Every structure is written in C-alpha cells, then in structure tokens.
Amino acid sequence: MPISIVVGGQFGSEGKGKVALEIVRRTRGPVTVVRVGGPNSGHTAYDRNGKKWALRQMPAACIDRNVDVVFPAGSYLDVEILLREIADLAYPAERIFISHFANVITEQHKAWETNAGLISAIGSTGSGVGTAVMASVAREAGNFPVNALHARDHGLLQPFLRDTTTALHNGLQLDRRIVVEGSQGFGLSLLDGGYWPKATARSTTAAAALAEAGVSPRHVDDITLVIRSFPIRVAGDSGPLPGETTWEKIRERSLRTDDLKEYTTVTRKLRRVGEFDGELVRRAIRANAPHRIVLNHMDYVGPVQDLDQPTSRVRSFVSEVETAINQKIDWFGFDPLSIVERPEVTFSR
C-alpha cells in the first residue's frame, strides 16, 4: 500500500514541500510525486546543493530531479508557470506526466477573479484556480461567462499527456512509492475548514487530495499532517486568525535579533501571523487521521539543541502544543532544510 499523502493542518505555508521532499529522500527505490491543486500557493524546498526553490506548479519534492512527476485530473495548470519551472529545473521531460483531463488556467479565468473582486474580498491570489474550478463544474453552461480548458486541448502540453491513473496504478502494482503533495491547509478547505467564505476553491484534506490524484484509498499507508509553531494567513481581509499577533512580538520572545517577517510566495505581501491554535489542528487531525505530525518553524521558538533540555522554552512549547492537540509530534523543523526526529525523552503534558 505505498501511497504517502502530505497535507497542511492550518492556513498553508506549513512546510509541506520540505516534508514531502524528506519523505522522497527517505524512500528506498523509485518514487513518483503527484502534485494536486494549482499555482495559487507556493512550495519551497532546498536541493542537495543548498539552492532554494520556490515553486508554484512543480512539486517541491521533485527538486533533486530523480522522481517521476504526475499532474492528475485534479490539478490546475498555469502553462506559462509550469513550462518556466520545468526549464528552470532542467527537468527531464520524459519524467513529467499530465492527465488529459488536468485543468488549464486561462487568462479569462484570472481576469474573472480580478473583476469579481475576489482578491480584496477573500484574500485570493487571483491566480485563476477558483474560476477554473467553477468553469469545470459549470460544464459549459450558457449563463457562466468563462469555459473550462483541459490539458488535452492545449498544444504546448501535448508532449506530456498520459493516462495518469493507469500510470499510477501500474506503479502501485510494482510497489513503487507515490507521494501526493497537497496544497494549502485545512483552515482554507472549502468544505470543512470552518472559515468559508474566506476559503480556497477546493477541499484540502488527505481524502480530497487522493481523489484529485485519481487513485484508491486502499493503497494509502502514510498520511502526514504538517503544522507550524505560529500559523499564518495571507495579507488583507483573508479571514479570521485566532490569536493574531505580530512578527515583532514573536521575534522578541524568541530572543532573535533578525527579521522574521514572512511574505507570500505568489503575491509577495506580508503574511499575517497568529498564536498556535490547538482547536484548528484538532479538527485537522480528526479530518485527516495522520500517521505522523510534523511541527515546523520551531526556530521561532528557540534553537534545536534546546529540544533536549527539559527546562527550555522549546520543550515547554512542544508540551503545550501536544496538550492542545492531544497527540504527540513526530518530526520537528528548526530550519528550512532539515527535519529532526522526536528525541527519546519524556515530554510533560
């Protein structure tokens, strides 16, 4: 049952790309990475040479250039961005497979979102993903102003077209690991995130990612929920953020002197930041039933060596988080490059 799914437990930017890449690197044998969703969120990771890649279409888990990459029917493609990232990565074209039914984002889709005022109303990135979803569901209805476009009808995508469901099925029969790299986070989920209408256009759970990938849940043996020490939302009127605070307050508590401010990958706007919200993550756990939880951005709390110190702020923070979510943390991220396993110590709860 070799399918791993990586999803976010808050409002996105939890570090899913780094974690998906970690799973790829820990897997023995060939791996296929499936990217669902679209270019309205960026995934960042560092390759083995230490180069940073901030990608919007290609999965972060592919940056070592040693995996097959699949864009299934449940993906949304900005062809210009996709082809540019393929070229920037110098990715082997023969290792990229796009479903005939993958959705293509058009300039009409982007314009409709802008003209509808979604960018200011819900904090949308204006990437056209939401309109592409709507156009697909509208099924060429005469009163919907834009049409859907699929990969099979876009000339530049012809070299990559493949029956991706069959390709994934064949890989599973050979016991080949598939890593599904989800996008955004549970709090943005359209159906169950709890913050509609300040939500994205899709469901962002593991089950939804699997459905978009076009494979059966019978093959899943590994679900990872990624969270961060201080959740973020995009700039503007993007919806509630419980315990909203400032980057300056977080920096002061961490005793760091550098600038911690984060900016969105797509729009380059300053992110809003909040205190850890256990209630949101508990709901994400119930919806995803993860085998593993990863807590990233722990360097905003303290240094990695403090994880072994019983009286440190890091240990105290982890204990508070585990109490709030009623589940242990398995992996920690203290920097953008690496993952630390849970130490063999007892965390008071």
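Quick check on this structure: which one of ALA61, ALA54 is buried (at least 23 other Cβ atoms within 10 Å of the Cβ) and in the same structural domain as ASN170 (by TED's automatic domain parsing)?
Numbers: ALA54 fails: buried (at least 23 other Cβ atoms within 10 Å of the Cβ).
Step by step, each of ALA61, ALA54 is checked, and only ALA61 is buried (at least 23 other Cβ atoms within 10 Å of the Cβ) and in the same structural domain as ASN170 (by TED's automatic domain parsing).
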**Message:** Looking at the structure I just gave you, is ALA206 small (Gly, Ala, Ser), in the same structural domain as LEU55 (by TED's automatic domain parsing) and over 22 Å from ASN296 (Cβ atoms)?
**Reply:** no
**Filtered residue count, region 292-327, keeping only those that are assigned to a loop (DSSP other than H, G, I, E, B) and more than 17 Å from GLN10 (Cα to Cα)** = 7
**Asked** Is there a residue in region 30-51 that is of a type in the set (Gly, Ala, Ser), closer than 20 Å to LEU188 by Cβ and in a strand (DSSP E or B)?
**Response** yes
**Asked** Limited to region 213-249, what total is found for residues that are among the charged types (D, E, K, R), more than 20 Å from ARG286 (Cα to Cα) and surrounded by fewer than 22 Cβ atoms within 10 Å (Cβ to Cβ)?
**Response** 4
**Prompt:** Given the conditions (1) more than 30 Å from ALA73 (Cα to Cα); (2) in the same structural domain as SER41 (by TED's automatic domain parsing), which single one is not true for SER216?
**Reply:** (1)
**Asked** Which one of the conditions (1) surrounded by fewer than 17 Cβ atoms within 10 Å (Cβ to Cβ); (2) free of Cβ contacts under 8 Å to residues at least 60 places away in the same chain; (3) under 20 Å from GLN184 (Cβ atoms) does GLN327 fail to meet, given that it meets all the rest?
**Response** (3)
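Yes/no per residue for (1) in the same structural domain as LEU168 (by TED's automatic domain parsing); (2) crowded, with 24+ Cβ neighbours inside 10 Å; (3) not in a helix (DSSP H, G or I):
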site	(1), (2), (3)
VAL180	yes, yes, yes
GLY187	yes, yes, no
GLY193	yes, yes, yes
ALA211	yes, no, no
**Prompt:** touching a residue at least 60 places away in the same chain (Cβ under 8 Å) and out of contact with any strand residue (DSSP E or B) (no Cβ under 9 Å at 6 or more places or on another chain), is that true of ASP175?
**Reply:** yes
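The values are calculated or read from the model by the stated rules, or taken from the named source; none is laboratory data. Bear in mind the structure is a predicted one, so any value in this text is a computation, not a measurement. We place every Cβ from the backbone using ideal geometry, glycine too, and count neighbours over all the protein chains shown.
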